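What follows is calculated from the coordinates using simple rules that are stated; it is not laboratory data. Just so it is clear, the structure is predicted and the values come from calculations on it, not from any experiment. Backbone-built Cβ (ideal geometry, glycine too); neighbour counts: all protein chains shown.
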Amino acid sequence: MHSGEHTDSDLWLKVRQDNGPAFQLLFIRYWEKLYVYAFNRLKSESDAQDVVQEVMINLWTRRATVDITTSLAAYLHAAVQYEVLSFLSKASKMASRKETLEKTILTEFTSFLDPVQLKELEAIVEAEVARLPEKMQQVYRLRQEKDLSVKEISRLLDVSEQTVRNQLNASYHKLRKHLKEAVLSLVMIW
């Protein structure tokens, strides 16, 4: 069964009749277009792959009940668009919860430090922030020091909100990695 020999309608009819090779042809036919669309929105290869795979898995598992009233291409595009929005919504909620938790823990942790330890910790944090790439450092400082929202940073720097989120997540990851040992040694020495 060659992809070019069958229309989407023919393949979809076969898929609905549990034809795995027909589904594989549809998958191959649409994978790249759907991936590019998801990647352009998410700016992450793995997240874009996850979104497209989720859509295709859902299509296969629900093949007997899915009623496609438009073209298959339009249906898949809409499904990926919905999944991207759902992914961004979940990611935003998780980031918000994580940020709240980190602020609470950091506040409690710093309350146990004496002023000298706190000054040393602030110096270590500043040194690590200064080591971040310039754009990442700029986004981090706008968020942490100026307390700007992701939306405000996005407008100010003329980049997408997802780019801001990606930069923040990357900066938090790098800082956590580098600061863990420094904080432990600071606490252990004192």
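Which net charge results for the neighbourhood of I57, defined as the other residues with beta-carbon distances under 14 angstrom from its beta-carbon, given Lys and Arg at +1 and Asp and Glu at -1? Neighbourhood net charge equals -1.
When the listed pairs K43/K93; K33/K151; K146/K180; K43/K151 are checked against a 21 Å cut-off, the alpha-carbon distance exceeds it for K33/K151; K146/K180. Shape analysis of segment 38-84 places it in the oblate category; the axes a ≥ b ≥ c from the Cα gyration tensor give an a/c of at least 1.5, with a/b not above b/c. For N19, enumerate residues with amide H under 5 Å from its amide H, sequence gap 5+ or separate chain, H modeled in the peptide plane. Amide H neighbours of N19: none. Counted residue by residue at 0.36 nm each, then reduced by the alpha carbon distance between them, the extension gain from Q81 to K177 reaches 31.2 nm.
Taking 13 Å as the cut-off, the amide N atoms of segment 34-56 that come nearer than this to a point 7 Å along the Cα-to-beta-carbon line of A73 belong to 34. Projected label points at S160 and I57, each 7 Å from Cα along the beta carbon direction, are separated by 2.3 nanometres.
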